[in-house]
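Inspection log for the structure reproduced underneath, given as structure tokens.
The values are calculated or read from the model by the stated rules, or taken from the named source; none is laboratory data. Only a predicted model underlies this, so the values are computations on that prediction, with no experimental measurement involved. Reconstructed Cβ throughout: ideal geometry from the backbone, glycine too, with neighbour counts over all protein chains shown. The area values use the complete protein model at the heavy-atom level, side chains included, leaving out ligands, DNA and RNA. Shrake-Rupley method; radii C 1.70, N 1.55, O 1.52, S 1.80 Å.
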Amino acid sequence: MRRQSFTDDTVDYAAVGATQADDLMQYPPQKSLPAEEAWRIGSGEERFVAASEALLSWAPLRAGGLSITDVRPAAGPTYTGVAFDGEGAPIVPSRTKSDQRFDADGTPFVSPGAGVRLHGRVDGHRADAELRVISVIEEPRRVGYILGTVGHSIVSGEELFILEWRENDEVWFVVRAFDRPTAPTYRLWKGRVRRRRRALFTRYLRAISPLYAS
């Protein structure tokens, strides 16, 4: 993994945590386009554990030609991120301590407050961005995190990735997002934002579940 200087900055949008609001699809943040999808990716604890490891090692962001060139854990060892209730309101963090883990190539796993730099192309357009991990969820039957844009992207907004091992033993992968166009061409033709989002969702699913790789 190539190390670079990284701008320690805040996210570039106001509605932090809005991807967890139950009414996101009906009432998205101002001037943004919401999106949501859920897929059943198998069943059982083994599937849930394997998918969780992939999710926390940045698999969605490495999918289909996207690449990570820098991951920077939060500067403060006590930073635990932000947690939210079902309506998107801040609450006590679900994690009080973050034990840093690494994947096989030495890249740090997802952790609260971490920053990441992303490069690649989606739907024929660049997908470069700086992102911040807003919140991490690690529960016995739910694993996920929220990513927010810091800058240098053609959209501004947030993504929520969640894996759920439900009571009926099914494992579901849920992605929710909202995008506010920032590039001129995306502000003029919002259909491009929706097409870009659909392409990203497809890549995320293929990265997490081999059932949908074909």
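Scanning region 170-179 for residues that are open to solvent by less than 10 Å² (accessible area, probe 1.4 Å) and within 19 Å of Tyr212 (Cβ to Cβ) returns Val171, Phe173, Val175, Ala177. Considering only region 159-169, I want to know if a residue exists there that is of a type outside the set (Lys, Arg), in a strand (DSSP E or B) and surrounded by fewer than 22 Cβ atoms within 10 Å (Cβ to Cβ). Yes, that holds for at least one residue. For region 100-146, residues that are at pLDDT below 90, in a loop (DSSP other than H, G, I, E, B) and either over 28 Å from Ser43 (Cα atoms) or not acidic (Asp, Glu) (or both) total 12. Just so you know, in region 139-158 the residues that are in contact with a Leu (Cβ under 8 Å, 6 or more places away or on another chain) and among the charged types (D, E, K, R) include one that is most open to solvent (accessible area, probe 1.4 Å), and it is Arg142. Looking only at residues of region 42-54 that are touching a residue at least 24 places away in the same chain (Cβ under 8 Å) and out of contact with any helix residue (DSSP H, G or I) (no Cβ under 6 Å at 6 or more places or on another chain), we find that the one that is most open to solvent (accessible area, probe 1.4 Å) is Glu45. With respect to the conditions (1) open to solvent by less than 10 Å² (accessible area, probe 1.4 Å); (2) part of a helix (DSSP H, G or I), Phe201 falls short on a single one, namely (1).
For region 14-30: of the residues being within 16 Å of Val136 (Cβ to Cβ) and either in a helix (DSSP H, G or I) or touching an Asp or Glu at 6+ places or on another chain (Cβ under 6 Å) (or both), which is least open to solvent (accessible area, probe 1.4 Å)? Step through it out loud before you land on a result.
The first filter runs over region 14-30 and keeps only residues within 16 Å of Val136 (Cβ to Cβ), leaving 16-17, 19-20.
From what's left, either in a helix (DSSP H, G or I) or touching an Asp or Glu at 6+ places or on another chain (Cβ under 6 Å) (or both): 19-20.
On the way: Thr19: 0, Gln20: 31 Å².
In this case the residue turns out to be Thr19.
Applying the selection to region 31-50, what residues are within 30 Å of Val155 (Cα to Cα) and in a strand (DSSP E or B)? Correct list: Leu33, Pro34, Ala35, Glu36, Glu37, Ala38, Trp39, Arg40, Ile41.
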